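This report concerns only the one structure given below.
The values are calculated or read from the model by the stated rules, or taken from the named source; none is laboratory data. Since the structure is predicted, the reported quantities are computational estimates derived from the model, not experimental observations. In this analysis, Cβ positions are derived from the backbone assuming ideal geometry, glycine residues included, and neighbour counts consider all displayed protein chains.
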Amino acid sequence: MPKVVRFHELGGPEVLKIEETATPQPGKGEVRLKVQAVGLNRAEAMFFHGNYLEQPKLPSLLGYEAAGVVEAVGPDVDRDWIGKQAAVVPSFSMNSYGLLAEEAVVPALALGEYPAKLSATEGAATWMQYLTAYGALIEIAQIRKDDFVLITAASSSVGLAAIQMVKAEGAVPITTTRTSVKKAELEALGADHVIATEEEDLVARVKEITGGKGARVIFDPVAGPFVEKLAEAAAQSGILIEYGSLSLAPTPLPLFTMFGNRMVIRAYTLFEITGDLAKLKDAKEYVYERLEDGRFQPKIAKTFPFAQTVEAYRYLESNAQVGKVVITVP
């Protein structure tokens, strides 16, 4: 019997259990994926802790992003999918589907092919990070050549995708990390500037780098009190895009700073892209093209076997990684 990861109560990674289950059968508009790799995301950790946008319905499945081979299709799904390699675009509720399993049913509309030159591990580290960055930087901010773009939590998979995207568009990535430990690696991965926020004055450094102008675009998943500093680092008529709340702390509205620099603070989630078929089509084409020609390259921080799922999420929560944590499935 295939195995699946479930949790029956909220808590840390230790609540995750590997259980046997019946082979899932795809329904209308669905496919069954023989899973080869699962990319881990902060969203899942927040989900089993009970801190995500939605509360899990217990017992709950887990997992947003996977790559594998389509082995069965449900009614009204093109049978040409059978036998194809595909990755899953996170575009659904984890209360409906969970991909951390040996076999998983997913909506056919959530499938996304990836270039054959990528491994399944890299395929599982593709859609969440690049589509998240695309929606904010290309769709909303419309970054352009020579823009200064401030990317916080830059060692995350989304942060690294944002660095690559900013560079590909001819703009200048300014990144942040808490200490200097990851500084050299971020520079090697394309960051033009790295600011260690626990060791340097963020606002002063951004102003120095930008010749006093500030960053036109700020891309932040942390929120909380640091938003006030980010607002001070924004350029006139700049935009701060918040795509997460990792701090789990109340986020103040820096109103007087906003009055002074006429900036915009914009909340954003990936579902703005995945919930619009036209936007999703454009986004997938944009990402696929750049994966194919090498401008984009997923960075894998560490892989874990399926049996070490708990250890994999503990590592994710340690913040030690630079890039994507991936679970490989036998």
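Overview of values
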quantity	calculated
Residue under evaluation Gly63, criteria (1) part of a loop (DSSP other than H, G, I, E, B); (2) over 21 Å from Leu118 (Cβ atoms); (3) modelled with pLDDT of 95 or more, criterion not met	(2)
Of the criteria (1) surrounded by 15 or more Cβ atoms within 10 Å (Cβ to Cβ); (2) out of contact with any helix residue (DSSP H, G or I) (no Cβ under 7 Å at 6 or more places or on another chain), which one Val322 fails	(2)
Per-region count, segment 7-30, residues out of contact with any Gly (no Cβ under 7 Å at 6 or more places or on another chain) and more than 25 Å from Ser318 (Cβ to Cβ)	7
Single residue of Pro254, Pro250, Pro225 found to be in contact with an Asp or Glu (Cβ under 7 Å, 6 or more places away or on another chain), more than 22 Å from Arg144 (Cβ to Cβ) and free of Cβ contacts under 8 Å to residues at least 60 places away in the same chain	Pro254
Pick from segment 1-47, criterion in a loop (DSSP other than H, G, I, E, B) and of a type in the set (A, V, I, L, M, F, W, C), ranking: nearest to Phe304 (Cα to Cα)	Leu40
Extreme residue, nearest to Pro13 (Cα to Cα), among residues of segment 286-319 that are among the hydroxyl-bearing types (Ser, Thr, Tyr) and surrounded by fewer than 19 Cβ atoms within 10 Å (Cβ to Cβ)	Tyr315
For Phe306: the one exception among (1) under 21 Å from Glu102 (Cβ atoms); (2) in contact with a helix residue (DSSP H, G or I) (Cβ under 6 Å, 6 or more places away or on another chain)	(2)
Long-range neighbours under 8 Å by Cβ, at least six apart or interchain, first residue on the phi > 0 side of the Ramachandran plot within segment 71-94, second polar (S, T, N, Q) and surrounded by fewer than 14 Cβ atoms within 10 Å (Cβ to Cβ)	none
Residues being charged (D, E, K, R), under 23 Å from the mean Cα position of the chain (by Cα) and over 30 Å from Ala249 (Cβ atoms) - total across segment 33-87	1
Residue in segment 230-239 that is polar (S, T, N, Q) and crowded, with 18+ Cβ neighbours inside 10 Å present	no
Helices (runs of 4 or more DSSP H) wholly inside segment 170-282 that include at least 2 residues being within 26 Å of Gly323 (Cα to Cα), more than 21 Å from the chain's Cα centre (by Cα) and of a type outside the set (Gly, Ala, Ser)	202-209
Residues satisfying the stated conditions in segment 37-60, i.e. among the charged types (D, E, K, R) and at pLDDT 95 or above	Glu44, Lys57
Candidates Thr210, Thr177 - the one that is farther than 19 Å from Ser155 by Cα, surrounded by 13 or more Cβ atoms within 10 Å (Cβ to Cβ) and in contact with a strand residue (DSSP E or B) (Cβ under 9 Å, 6 or more places away or on another chain)	Thr210
Which numbered condition Gly123 fails, given (1) surrounded by 21 or more Cβ atoms within 10 Å (Cβ to Cβ); (2) over 16 Å from the mean Cα position of the chain (by Cα)	(2)
Failed item, numbered, when Phe259 is tested on (1) outside the structural domain of Gly190 (by TED's automatic domain parsing); (2) over 15 Å from Tyr130 (Cβ atoms); (3) of a type in the set (A, V, I, L, M, F, W, C)	(1)
Residue list for segment 117-164, filter: among the aliphatic types (A, V, I, L, M) and over 24 Å from Glu232 (Cα atoms)	Leu118, Ala120, Ala124, Ala125, Met128, Leu131, Ala161
Residue under evaluation Ile163, criteria (1) within 17 Å of Arg290 (Cα to Cα); (2) touching a residue at least 40 places away in the same chain (Cβ under 8 Å); (3) in a helix (DSSP H, G or I), criterion not met	(2)
